[in-house]
Amino acid sequence: MVAASALAEWVQRSGRARDGDPAPGRLRFAFYGRVSTEDWQDPVTSRTRQREQAEALVRGHGQIMAEFFDVGHTRKLAWPRRPQSAALVVQLADLDRGWDAIVIGEYERAFYGSQYATMAPLFEHYGVQLWTPETGGRVDFRSEHDEKTMTELGLSSKREVTRTSIRVRTAMMVQTREQGRYLGGRPPYGYRLSDAGPHPNKAHAAWGRRAHRLDPDPATAPTVRWIFAQRLAGHSVARIARALNEAGVPCPSAADPGRNTHRTGAGWALGTVTTILENPRYTGRQVWNRQRTDTELADPANVTLGHKSVQRWNLPDGWVISRRPAHPALVSEDDFVAAQGINASRGPVPQDEPVLRRYLLAGLLACGLCGRRMESAWSNGKAAYRCRHGRTSAMAPDPSRPKNTYIREDKLLPHLPALHLFLTTPATRARRRTRAGADVTGTVSPGEVIGYLREHEITLTWNPAAGALQARVPETAKTVTVKAS
């Protein structure tokens, strides 16, 4: 009788273990939490609150043995793309991980959109439980009710982010257009931040936060005015940049290294001068929404990785500009508009030559002498490519180099099939021979080769001294050369 009772107790206990529900007090939990960059609260305070909520939830069922807490990462990132949640996922397959259940203090800290539907099968596969306050404890992966609850919470989390984004963007648009308020970020080169009194929001002002405005920087503002004056005089961007470098004027990253630790500060570049010439904030008006953040799949081949943020420039009709001047101007509005016209001017198109100018190798060709991308040029009615070796760059030209390297497109296209053959054929291959003794090889058109080069991000190098066209495959470090002269 005693033996039968012991056996029955063992069977009952084993059944609970198979269902993933051991006796109370036996579970070992891993706590997961997160605080994003959008939170105004202190990460330490947020973590403490989430941890206490998690501990209250599992009290009497087990104890927390491990912690994974992400700081500064948005909920929109998939679990494998957040550092701490990714570390948790890696440990799922480890039998000696030291925990057998996951507990979170707030659902929105862990899941967004359809992330639960992605992660739940993984937790279930490794026999790991999931506990959330919203379900009152353990989530039953096989329960339709729990699945519906978690799905609705995910949609609610996504809706919360969307609504917050709309409110924030609307507020920033009004603050820029109607108030001309400085909304943060690095001040443009030529300006510095000055105190503008207490923060207009009473709550922020009570916390001691101050408002700021842009004022001309005595050290760099004259350089901005000089750049616009040179551009209005008809000088090229390259000539302006070279003059600044030759005069030893510190570039923006060198003038303010504390805010540009990610840059070398080596000197002025064409893009730096162009950015200054295209910034309408130098007219004294506050401007917002010149850039936008788009989302696209992080990996189209694996949608479970979610989306990534991509910064893109908006067209001027999408900018938000203050109705009134918000800070001292470094250039008049008329001069700024005139400078944009110089930048956009390309000259008239001859009416007697309605030829569509197409450059098939644009962006694919580099100069073998200096390594710079060769620019497209139309010459005698044909597409061509040239490099002027420093005369279109911010650095002074090297006197030892020729002033111009030039190659016509029709001289290169016939050699592309042979180049493609070398790129796609293994080093050791079976050779099929015709009666004449030549290899039988399928040919491809130059257009197909160009598509292959762009798809695999392969750059061609033109060596004018050797009259050779060279290609290098980054993945295999393979380099092939064909004579093109």
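The values are calculated or read from the model by the stated rules, or taken from the named source; none is laboratory data. Everything numeric here is computed off the predicted structure, so don't read it as measured data. Virtual Cβ from ideal backbone geometry, glycine too; neighbours counted across all protein chains shown. Note: areas computed on protein heavy atoms with side chains; ligands, DNA, RNA excluded. Shrake-Rupley method; radii C 1.70, N 1.55, O 1.52, S 1.80 Å.
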**Prompt:** What does region 81-167 give for Rg and for Dmax, in Å, if only its C-alpha atoms count?
**Reply:** 13.6, 46
**Request:** Restricting things to alpha carbons, find the Rg to Rh ratio for region 28-177 using the Kirkwood radius for Rh.
**Result:** 1.00
**Request:** Set the Förster radius R0 to 56 Å, insert the Cβ-Cβ distance between ASN201 and ARG472 as r into 1/(1 + (r/R0)^6), and round the FRET efficiency to 0.05.
**Result:** 0.50
**Complete:** Any chymotrypsin sites (Phe, Trp or Tyr not before Pro) in region 142-213 that lie in a DSSP loop and have at most 15 other Cβ atoms within 10 Å would be TRP207
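Hey, with R₀ at 30 Å, roughly what FRET efficiency would ASP94 and LEU155 work out to, going by the Cβ-Cβ distance, to 0.05? Intermediate results must be reported in sequence, preceding the final value.
On the way: r = 32 Å, r/R0 = 1.08.
After rounding, the FRET efficiency stands at 0.40.
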**Complete:** Between the modelled labels at LEU270 and GLN179 (7 Å from Cα along Cα→Cβ) the distance in nm is 4.1 nm
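From the alpha carbon gyration tensor of region 278-319, can you work out the equivalent ellipsoid semi-axes (sqrt of 5 times each eigenvalue) and give them in Å, largest to smallest? Working shown, then result.
Numbers: eigenvalues 209, 11, 9 Å².
Rounded to whole Å, the semi-axes are 32, 8, 7.
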**Prompt:** How large is ³J(HN,Hα), in whole Hz, for each residue of region 290-305 in order, when computed from phi with the Karplus curve 6.51 cos²θ - 1.76 cosθ + 1.60 and θ = phi - 60°, using x for Gly and Pro?
**Reply:** 6, 10, 10, 10, 9, 10, 9, 4, 5, 8, x, 7, 9, 5, 5, 6
**Request:** Using amide H atoms built 1.01 Å from N in the peptide plane, name the residues 5+ places from ILE407, or on other chains, whose amide H lies under 5 Å from its own.
**Result:** TYR385
**Item:** Distance in nm between pseudo-label sites at LYS382 and ALA219 (7 Å out along the Cβ direction from Cα)
**Value:** 5.4 nm
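Just the number please: accessible area per residue for region 174-317, 1.4 Å probe, all protein chains included, in Å². If you can, show how the numbers build up before the last one.
Working: 8020 Å² over 144 residues.
Value returned for region 174-317: 56 Å² of accessible area per residue.
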**Message:** If I model a spin label at VAL337 and LYS308 as a point 7 Å from the Cα along the Cα→Cβ vector, what separation in nanometres do I get?
**Reply:** 4.1 nm
**Prompt:** If you count, for each residue, the other Cβ atoms within 10 Å and average over each peptide, how do 161-169, 226-234 line up from highest to lowest?
**Reply:** 226-234, 161-169
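Can you tell me the FRET efficiency between THR481 and ARG358 if r is taken as the Cβ-Cβ distance and R0 is 25 Å, rounded to the nearest 0.05?
Numbers: r = 26 Å, r/R0 = 1.06.
E(calc), rounded to 0.05, equals 0.40.
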**Message:** For region 201-347, take N as its residue count and report Rg(C-alpha) divided by 2.2 N^0.38 Å.
**Reply:** 1.29
**Prompt:** Which chymotrypsin sites (Phe, Trp or Tyr not before Pro) in region 244-292 pass both tests, a DSSP loop state and at most 12 other beta-carbon atoms within 10 Å?
**Reply:** none
**Asked** Can you give the extra length, in nm with one decimal, that the chain gains between SER236 and ALA86 once fully stretched, where that is 0.36 nm per residue apart less the Cα-Cα distance?
**Response** 49.1 nm
